[in-house]
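Undergrad: The structure under discussion is supplied below as structure tokens; questions concerning it will follow.
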Amino acid sequence: MLDAASWAARLGGESFLAQTLHRSYAVLPGEAADVAGLLSWDDMNTILATQQLEPPRLRLSLDGEMVPQHRYTLPVATRRSVTWHRIQPAELHARLAEGASMVLDSIEKIHPPIGTAAEALERLLGTLVQVNAYASWTEREGFGTHWDDHDVVVVQVHGSKRWKLYGPTRLDPTFRDVESPEEPQGDPVADLVLTAGDVLYVPRGWWHGVTADQGTESLHLSFGLVTHTGADLLIWLIDQLRSHLTLRQDIPRFGSPREQAAFVRELREAMAVELTGPDLVSRWADSVDTTHCGRAVPSLPYVTGLPARAEISVRLTTPRAHLTENQAEGTVTLAAAGTEWDFGEQAAPMLRVLLTGRPATLGSLAATAGLEVKDVASALSQLIEGQAASVVGTAL
């Protein structure tokens, strides 16, 4: 299973974070056994047959163009006159054999093993992760040579795929930008073939063309890392600055030049004070981590709190929760999903267990902290109510 520790081991740990992330591509060879259980062809067939997947969630692409939906689906009306498009297996097969590539967006939301891996990568890198699945059968490029506005960690699950990588033609391009990158010229900087178990990291802005030209079908997962830029930091900072009267005042559009200049000067001074703070980036990181809602999951059938039953398992659903120990007060604070909870310091050991993201029973958490099961159930009921945790493997 790809948990935070195994992700760190595969990517290279601290050296990846310090030397590779956002800077250059990296190829990390592996074995098929490394990704066993993530996604099988049976899993994919079941998803396609049982989920109502409308474009662009599920789509086929050929030579950089979307394949019309009617060429592989059939509209079906329910008895309540709701129309959806059902996959026609024979037509889907035909389009794929012709060279189309298939992509399924946000597969982590409907396939738990991938959801677990995405959450673990989010815990390691501190950013939201979305996973798309790509399947190809021929040497034709489904999407053409293109660049993405986010970093990707590619995991080859089955078969093999060729990646031709070109350096960026515009440094750090974004979705909202003032210029578009020009297409690359010349030969690729890397021509790689990934086989099952291999991992490839590609920073945003790097052009790439991908084909299944090795005579075998290909299935890979792209773990997309949500981008955080200087513009995002400034937007966050402006929200923090709303405590300053100047940022809440109306712009003196019809004021005198002197009034307008004074207004701008006060804005500049307020911003300058915050920008000179040495801990600005760490404050921003703490804020976005602890206010992110994570991957909230209901805890049915327990709608009025957890019963004090040792066999019930729970887990945090907020991968970027923070735990702070307040030694002077003898308490610990868990911050997650925009809320903070204070507990006695005795709760710290069980909260550290939950911070790993792994499920734990109320009984094991109680033993770890030296608490009664009823006290653990009461504490975790607060986290469930605050959408920072959920029950898993419900025992009835």
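Undergrad: Putting +1 on Lys and Arg Cβ atoms and -1 on Asp and Glu Cβ atoms, find which of ILE235, THR195, SER218 reaches farthest to the positive end of the dipole of the range 189-293.
TA: About the Cα centre, the residue reaching furthest to the positive side is ILE235.
Undergrad: Summing +1 for each Lys or Arg and -1 for each Asp or Glu, what net charge is found among the other residues whose Cβ lies under 11 Å from the Cβ of GLU345?
TA: Net charge in that neighbourhood comes out at -3.
Undergrad: What net charge is computed for the residues neighbouring GLY277, neighbours being all others with C-beta under 15 Å from the C-beta of GLY277, Lys and Arg scored +1, Asp and Glu -1?
TA: For residues surrounding GLY277, the net value is -3.
Undergrad: Can you compute the charge dipole magnitude of the range 121-256 about its Cα centre, using +1 on each Lys and Arg Cβ and -1 on each Asp and Glu Cβ, nothing else charged? Give it in debye, rounded to the nearest 20.
TA: Here the size comes out at about 480 debye.
Undergrad: Between GLY230, GLY363, GLY142, where does the largest GNM mean-square fluctuation fall for the chain, given springs only between Cα atoms within less than 10 Å?
TA: GLY230
Undergrad: Let me ask you something else. Write down the radius of gyration of the chain and its Dmax, each obtained from C-alpha positions, in Å.
TA: Expressed in Å, the Cα Rg and Dmax of the chain come to 24.7, 73.
Undergrad: If the label point is 7 Å along Cα→Cβ of GLU274, which residues in the range 220-257 have backbone nitrogen under 12 Å from it?
TA: 232-248, by backbone N distance to the label point.
Undergrad: About its Cα centre, how strong a charge dipole does the range 1-107 have in debye, to the nearest 20, once Lys and Arg get +1 and Asp and Glu get -1 at the Cβ?
TA: Details: 9 positive and 12 negative charges, 107 e Å.
It works out to roughly 520 debye.
Undergrad: Per 5 Å bin from zero, what fraction in whole % of the C-alpha pairs of the range 127-170 is there, up to the bin with the longest pair?
TA: 5, 13, 27, 28, 18, 8, 2
Undergrad: Based on the alpha-carbon gyration tensor of the range 280-367 and its eigenvalue square roots a ≥ b ≥ c, which shape applies: rounded if a/c is under 1.5, prolate if not and a/b is larger than b/c, or oblate? Write out the running numbers ahead of the final one.
TA: Numbers: a/c = 2.17, a/b = 1.34, b/c = 1.61.
The shape class here is oblate.
Undergrad: What are the ³J(HN,Hα) couplings of the range 93-103, residue after residue, when phi is run through the Karplus curve with 6.51, -1.76, 1.60 and θ = phi - 60°? Round to Hz, x for glycine and proline.
TA: 4, 5, 5, 5, 5, 6, x, 5, 9, 10, 10
Undergrad: Something else about it: List the GluC sites (Glu not before Pro) within the range 1-97 that fall in a DSSP loop (any state other than H, G, I, E or B) and whose Cβ has at most 15 other Cβ atoms within 10 Å.
TA: Passing sites in the range 1-97 are GLU31.
Undergrad: Then there is this: In terms of the Cα gyration tensor, with a ≥ b ≥ c the square roots of its eigenvalues, is the range 173-315 rounded because a/c is under 1.5, prolate because a/b exceeds b/c, or oblate?
TA: Oblate is the answer for the range 173-315, as a/c is 1.5 or above yet b/c matches or exceeds a/b.
Undergrad: When the accessible area of the chain is split by element with a 1.4 Å probe, what percent falls to carbon and sulfur? Intermediate results must be reported in sequence, preceding the final value.
TA: Values: 10750 of 20590 Å².
Ligands and nucleic acids excluded, carbon and sulfur give 52 percent.
Undergrad: In a GNM of the chain with a 10 Å cut-off on Cα contacts, which of ALA118, ALA369, ALA231 has the highest mean-square fluctuation?
TA: Of ALA118, ALA369, ALA231, the Gaussian network model singles out ALA231 as fluctuating most.
Undergrad: Now for a separate question. When a/c is below 1.5 the answer is rounded, else prolate if a/b is larger than b/c, else oblate, so apply that to the range 99-174 with a ≥ b ≥ c taken from the square roots of the Cα gyration tensor eigenvalues.
TA: Taking the square roots of the gyration eigenvalues as a ≥ b ≥ c, the range 99-174 is oblate.
Undergrad: With springs only between Cα atoms under 10 Å apart, run a GNM on the chain and tell me which of GLN327, GLN260, GLN130 wobbles the most.
TA: In this elastic network of the chain, the residue with the biggest mean-square fluctuation among GLN327, GLN260, GLN130 is GLN260.
Undergrad: Further, regarding this structure: Can you pull the three principal axis extents for the Cα set of the range 131-235, in Å, largest first?
TA: Reported extents, whole Å, longest axis first: 47, 30, 19.
Undergrad: What GluC sites (Glu not before Pro) in the range 273-353 are in a loop by DSSP, with at most 13 other Cβ atoms within 10 Å of the Cβ?
TA: GLU311, GLU329
Undergrad: Select from the range 104-160 those GluC sites (Glu not before Pro) which occupy a DSSP coil region and have at most 15 other Cβ atoms within 10 Å, ordered by residue number.
TA: Numbers: sites: GLU108, GLU119, GLU122, GLU139, GLU141; in loops: GLU139, GLU141.
Answer in residue order: GLU139.
Undergrad: Now for a separate question. So, in Å, what gap is there between the alpha-carbon centers of the range 34-69 and the range 338-392?
TA: That distance is 37 Å.
Undergrad: Averaging the inverse of every distinct alpha carbon separation and then flipping it gives the Kirkwood radius. What is it for the range 249-396, in angstrom units?
TA: Computed over the range 249-396, the radius equals 17.7 Å.
Undergrad: Using the basic label-point model (7 angstrom from Cα toward the beta carbon), what is the THR46 to GLU345 distance in nanometres?
TA: Output for this residue pair reads 4.8 nm.
Undergrad: Could you run the Karplus curve 6.51 cos²θ - 1.76 cosθ + 1.60 with θ = phi - 60° over the range 241-248 and give me ³J(HN,Hα) per residue in whole Hz, x for Gly and Pro?
TA: Per residue, the Karplus-derived 3J(HN,Hα) values read 6, 5, 6, 7, 4, 4, 6, 9 Hz.
Undergrad: Would you calculate the separation in nanometres between label points at ALA36 and VAL297, each defined as 7 Å from the Cα along the Cα-to-beta-carbon direction?
TA: It works out to 2.3 nm between the two label points.
Undergrad: If you count only protein heavy atoms with a 1.4 Å probe, what accessible area per residue comes out for the chain, rounded to a whole Å²?
TA: 52 Å²
Undergrad: Which percent of Cα pairs goes in each bin when the distances of the range 216-284 are cut into 10 angstrom slices starting at zero?
TA: 16, 35, 22, 12, 7, 5, 2, 0
Undergrad: Let me have the relative contact order for the chain, percent, based on Cα pairs under 8 Å that are six or more residues apart.
TA: 14 percent
Undergrad: Work out how much length THR20 to ARG57 would gain on full extension: take 0.36 nm times their residue separation and subtract the Cα-Cα distance, in nm to one decimal. Working shown, then result.
TA: Details: separation 37, 0.36 × 37 = 13.32 nm, distance 3.05 nm.
In short, 10.3 nm is gained.
Undergrad: Quote the relative contact order of the range 338-380 in percent (integer), defining contacts as alpha-carbon pairs under 8 Å separated by 6+ residues.
TA: Once normalised by length, the contact order is 38 percent.
Undergrad: State which stretch of the chain is the longest one without any exposed chymotrypsin sites (Phe, Trp or Tyr not before Pro), exposure meaning a DSSP loop state and at most 13 other Cβ atoms within 10 Å.
TA: Longest run free of exposed loop sites: 1-174.
Undergrad: Once you keep just the Cα pairs under 8 angstrom separated by 6 or more residues, what percentage relative contact order results for the range 26-165?
TA: 27 percent
Undergrad: Rounded to the nearest 500, what is the chain's calculated 222 nm mean residue ellipticity when only DSSP H runs of at least 4 contribute -39500 (n - 2.57) each, over all residues?
TA: -9000 deg cm²/dmol, from helical runs alone.
Undergrad: Let me spell out the model: positive unit charges on the Cβ of Lys and Arg, negative unit charges on the Cβ of Asp and Glu, origin at the Cα centre of the range 37-93. What dipole size does that give, in debye rounded to 20? Before the final figure, lay out the partial values.
TA: On the way: 6 positive and 6 negative charges, 77 e Å.
Computed about the Cα centre, the dipole is about 360 debye.
Undergrad: Please give the contour-minus-distance gain from ARG248 to GLU217: 0.36 nm per residue of separation, less the Cα-Cα distance, rounded to one decimal in nm.
TA: 5.4 nm
Undergrad: Starting from 0.36 nm per residue, how many nanometres of slack lie between GLU311 and SER364 once their C-alpha separation is accounted for? Intermediate results must be reported in sequence, preceding the final value.
TA: Working: separation 53, 0.36 × 53 = 19.08 nm, distance 0.87 nm.
Extending this stretch completely gives an extra 18.2 nm.
Undergrad: Another question, if that's okay. So, in nm, how far is label LEU233 from label GLN185 when the simple model puts each one 7 Å beyond its Cα toward the Cβ?
TA: Computed distance between label sites LEU233 and GLN185 equals 3.4 nm.
Undergrad: Taking a temperature of 4 °C and a viscosity of 1.567 mPa s, what whole-number D in µm²/s does Stokes-Einstein yield for the range 3-71 with Rh from Kirkwood over alpha carbon pairs? The partial results should precede the final answer.
TA: Working: Rh = 15.8 Å.
Reported coefficient: 82 µm²/s.
Undergrad: Would you kindly derive the ³J(HN,Hα) couplings of the range 20-36 from the backbone phi angles with the Karplus curve 6.51 cos²θ - 1.76 cosθ + 1.60 (θ = phi - 60°), listing them in order in whole Hz, with x for Gly and Pro?
TA: Working through the residues one at a time gives 10, 3, 6, 10, 8, 6, 8, 10, 10, x, x, 10, 4, 4, 5, 10, 4 Hz.
Undergrad: If you don't mind, there's one more thing I want to ask. Once the Cα atoms of the range 179-244 are picked out, what are the Rg and Dmax in Å?
TA: Spelled out, the Cα radius of gyration and Dmax of the range 179-244 are 18.8, 63 Å.
Undergrad: Along its three principal axes, how long is the range 1-115 when you only count alpha carbons? Whole Å, largest extent first please.
TA: That works out to 55, 30, 24 Å along the principal axes.
The values are calculated or read from the model by the stated rules, or taken from the named source; none is laboratory data. All values reported here derive from a predicted model rather than from experimental measurement. Methodologically, a virtual Cβ is constructed for each residue, glycine included, from the backbone with ideal geometry; neighbour enumeration extends over all protein chains shown. Side chains are part of the model used for accessible areas, which takes the heavy atoms of the whole protein and leaves out ligands, DNA and RNA. Shrake-Rupley method; radii C 1.70, N 1.55, O 1.52, S 1.80 Å.
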